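*Asks:* Could you have a look at this structure, given as structure tokens, before my questions?
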Amino acid sequence: MIDIQLSPHFMLSELLASPTATANGFTEQFEPTEQITSNLTALATNVLEPVRELIGMPLIVSSGYRCHRLNTHVGGEWNSQHLCEGGAAAADIESPGLTVEELYDKIKASSIPCDEVIIETNNKGAWWVHVSYDSNKGTQRGVCMKGVLQQSGGTICQADGYQAWVNS
Ligand SMILES: [Zn+2]
């Protein structure tokens, strides 16, 4: 794969990286179409760079694009924006200097146009912030949601309003 710079601080390889895809031989994960690369560029430019500037610290992308086999393997939603279909793209992010809650709150309170901002969790107790962007939408939705652990062990995603700029 020829790596390219999507934006000043984000490389294509960071948005494709997946030890799970590598381990399972999902080679298409590392052969994105031009459309997918374009969607990831829009995400990096419109969301990831502004978030990095907002918090003044590096961002770690734990999951960006997911090919269909990877998305199925990790139990992603069938219409996950991680699939980069249409004009969409999503990334799961963390910052070493902030808690997941702090990162989420800062993005929610900002005017950075995200389609979704979600605190996501898995059943192993890991948490992260999911952000997405859809180039096909003139206006991003700014939908905010929080994953909540259930006593049964699973998680549900609860609505948490909208980003500050949506209603202003
Ligand atoms: Zn996600």
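The values are calculated or read from the model by the stated rules, or taken from the named source; none is laboratory data. Source: prediction; values computed, not measured. Glycine gets a Cβ as well: all are built from the backbone with ideal geometry, and neighbour counts include every protein chain shown.
*Asks:* Kindly list, by first and then second residue, each pair from a residue in the range 154-165 that is aromatic (Phe, Trp, Tyr) to a residue that is surrounded by 14 or more Cβ atoms within 10 Å (Cβ to Cβ), limited to pairs with Cβ atoms under 7 Å and residues at least 6 apart or on different chains.
*Replies:* Hits for this filter: 162/142; 162/143; 162/144; 165/142.
*Asks:* Of these, 120, 116, which one is touching a His at 6+ places or on another chain (Cβ under 7 Å), of a type outside the set (Lys, Arg) and at pLDDT below 95?
*Replies:* On the way: 116 fails: at pLDDT below 95.
So the residue among 120, 116 that is touching a His at 6+ places or on another chain (Cβ under 7 Å), of a type outside the set (Lys, Arg) and at pLDDT below 95 is 120.
*Asks:* Identify all residues within the range 21-54 that are surrounded by 18 or more Cβ atoms within 10 Å (Cβ to Cβ) and farther than 21 Å from residue 5 by Cα; write none if there are none.
*Replies:* 21, 26
*Asks:* From the list 76, 97, which residue is modelled with pLDDT under 95 and surrounded by 15 or more Cβ atoms within 10 Å (Cβ to Cβ)? Reasoning before the result, please.
*Replies:* Details: 97 fails: surrounded by 15 or more Cβ atoms within 10 Å (Cβ to Cβ).
Of the residues listed, the single one that is modelled with pLDDT under 95 and surrounded by 15 or more Cβ atoms within 10 Å (Cβ to Cβ) is 76.
Residues checked against (1) closer than 23 Å to residue 15 by Cα; (2) surrounded by 22 or more Cβ atoms within 10 Å (Cβ to Cβ):
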{"site": "88", "(1), (2)": "yes, yes"}
{"site": "93", "(1), (2)": "yes, yes"}
{"site": "107", "(1), (2)": "yes, yes"}
{"site": "126", "(1), (2)": "yes, no"}
{"site": "135", "(1), (2)": "yes, no"}
{"site": "139", "(1), (2)": "no, no"}
{"site": "165", "(1), (2)": "no, no"}
